[in-house]
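See structure below.
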Amino acid sequence: MTSLVMSKATPIVFVVDDDSSVRESLEALIYFEGWHPVTFGSAHEFLEYRRIPVPNCLVLDVLLPDLNGLDLQERVVLERRDLPIIFITGHGDVPMTVRAMRAGAREFLTKPIDDEVLLTAIRAALECSRVALSREAKLEALSNCYASLSGRERQVLSLVVSGLSNRQVGKELGISEGTVKTHRGNVMQKMKADSIPDLVKMANRLSSLVPGHEGSFEPVIDAEDFE
């Protein structure tokens, strides 16, 4: 395995291929483009490598000595949504290509591969990874904000975004309207929401995208109702 000491912000291009000459050639090509190449001779070596939260992609050979590329893809799709895969192979066929693409591969390229074709594929994959990581970071921040709410504040949040007024929320929870206003203010502050429409959008994202919150805010009104 090759590891270059570079800035954590530098995109990483992983290469898994059992042919050392292919690995060396791709390593030089990737490094010349200003990315950080990390190469492996087997799928198991790659799986042991720790995850680093920077834009990254995987250039993956199909035929490997242990776990083959298609089986590795199945694991990556489940565990690493921020890691687009570009397949390379010298022995591709239609069923193999179809399986890889249906499972979400970005490209399926046949050796020998034109350098510019591969570099173009890598650029697109890294941009895809960059977007996925940004989305993941925002969701994590949002989830952390939600986790900071007290149990009562979560109840108030759920009722407010369902469209109830402060008076209705108070009646539902058996507390005064003034207490509801206090809780609502705390919710807005902790969730870093500038308005009720912002809060509604956050609740919708938590409900649909963050594990553990599915259905927590149903029924959720449309943020456009406040605009």
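Each value in this text was obtained by applying a stated rule to the coordinates, not by laboratory testing. Just so it is clear, the model here is predicted, and its values are computed rather than measured. Here the Cβ positions follow ideal geometry from the backbone for every residue, glycine too, while neighbour counts run over all protein chains shown.
Ranked highest first by the average count of other Cβ atoms within 10 Å around their residues, in what order do 58-64, 200-206, 175-181 fall?
Result, highest mean Cβ count within 10 Å first: 58-64, 200-206, 175-181.
So how tilted is helix 151-161 from the main axis of the chain? Cα-based, degrees 0 to 90, rounded to 10.
90
Calculate how steeply helix 196-209 sits against the longest principal axis of the alpha-carbon atoms of the chain, using the helix alpha-carbon long axis, and give the answer as 0 to 90 degrees to the nearest 10.
The angle comes out near 50 degrees.
Based on alpha-carbon centroids, what's the gap between region 16-58 and region 82-111 in Å, whole number please?
17
At a Cα cut-off below 24 Å, give the lysines reachable from Lys190, other chains included and same-chain residues fewer than 8 away excluded.
Those lysines meeting the cut-off are Lys138, Lys171, Lys181, Lys201.
What does the convex hull of the Cα atoms of the chain come to per residue, in Å³, rounded to a whole number?
So the per-residue Cα hull volume is 155 Å³.
Against the longest alpha carbon principal axis of the chain, how many degrees, from 0 to 90 and to the nearest 10, is the axis of helix 20-32 turned?
Orientation of helix 20-32: about 60 degrees from the principal axis.
Could you give the spread of the C-alpha atoms of region 68-177 along their three principal axes, from largest to smallest, in whole angstroms?
Ordered largest first, region 68-177 gives principal extents of 73, 26, 21 Å.
For every other residue with a beta carbon closer than 13 angstrom to the beta carbon of Pro37, add +1 if it is Lys or Arg and -1 if Asp or Glu, then tell me the sum.
Working: positive: Arg23; negative: Asp17, Glu24, Glu27, Glu33.
Residues near Pro37 contribute -3 overall.
Dipole of the chain (Lys/Arg Cβ +1, Asp/Glu Cβ -1, origin at the Cα centre): which of Pro197, Gly174, Thr120 lies farthest to the positive side?
Gly174
Quote the convex hull volume per residue of region 1-105, based on C-alpha atoms, as a whole number of Å³.
95
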